1. Within the set of pairs 6+ apart or on separate chains, which have a first residue in the range 62-74 that is aliphatic (A, V, I, L, M), a second that is assigned to a strand (DSSP E or B), and C-beta atoms under 9 Å apart?
2. Within the range 79-95, restricting attention to residues that are small (Gly, Ala, Ser) and exposed (fewer than 13 other Cβ atoms within 10 Å of the Cβ), which residue is farthest from Asn61 (Cα to Cα)?
3. Just to be sure I understand the filter: pairs with C-beta atoms under 6 Å, separated by 6 or more residues or on different chains, first member in the range 20-36 and under 17 Å from Ala82 (Cβ atoms) and free of Cβ contacts under 8 Å to residues at least 40 places away in the same chain, second member among the small types (Gly, Ala, Ser) and surrounded by 14 or more Cβ atoms within 10 Å (Cβ to Cβ). Which pairs pass?
Amino acid sequence: MRLQGKWRIVETALWDRDYLDLSGPAFIEIDDKGNAEMAYGAMNASLDIGYISNGIDFDWNGSDEGDHVEGTGWAERQHDGALIGEISYRNGDETTFKAIPWPTSSTPC
């Protein structure tokens with residue numbers, strides 16, 4: 001299953017919505033060539049994705065307030081169209097997240 005498009009990260013177990021949207025609306029985006037990126041808080045990263053039966057696995061690397069950060073993650077598409085997954089920093093934080101298709105009328109972007 002391909003998950004092309006932009007997804008609005010609307011919640012995580014670790015960070016509140018104000019932090020997620022610190023530098024702009026939090027998101028994960030996957031293009032039709034399999035290139036992907038995500039951003040939330042002060043973090044921006046490129047994703048190296050692999051497709052699984054109902055979602056993706058990914059390694060990511062980027063920067064957070066100018067510091068290099070990297071880690072892994074996964075996301076699975078739910079019956080309601082949302083993505084549920086996990087983002088893990090190498091030797092650091094890990095959190096679950098929920099993302100919805102971008103944009104929606106029920107959630108301001």
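Bear in mind that the values in this text are calculations on the coordinates, not laboratory data. Keep in mind that what you see is a predicted model, and the values were worked out from it rather than measured. Don't worry about glycine lacking a Cβ; one is built from the backbone with ideal geometry, like all the others, and counts go over all protein chains shown.
1. Val69/Met43; Val69/Ala45; Val69/Trp60; Val69/Asn61; Val69/Gly62; Val69/Ser63; Val69/Tyr89
2. To start, the set of residues in the range 79-95 that are small (Gly, Ala, Ser) comprises 81-82, 85, 88, 92.
Then keep just the ones that are exposed (fewer than 13 other Cβ atoms within 10 Å of the Cβ); that gives 81, 92.
On the way: Gly81: 26, Gly92: 14 Å.
Taking the candidates together, the pick is Gly81.
3. Leu20/Ala26; Ile30/Ala36
Results for (1) among the hydroxyl-bearing types (Ser, Thr, Tyr); (2) touching a Phe, Trp or Tyr at 6+ places or on another chain (Cβ under 9 Å); (3) farther than 17 Å from Leu3 by Cβ, shown as yes or no for each residue.
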position: Glu37; (1), (2), (3): no, yes, no
position: Tyr51; (1), (2), (3): yes, no, no
position: Asn61; (1), (2), (3): no, no, yes
position: Ile84; (1), (2), (3): no, yes, no
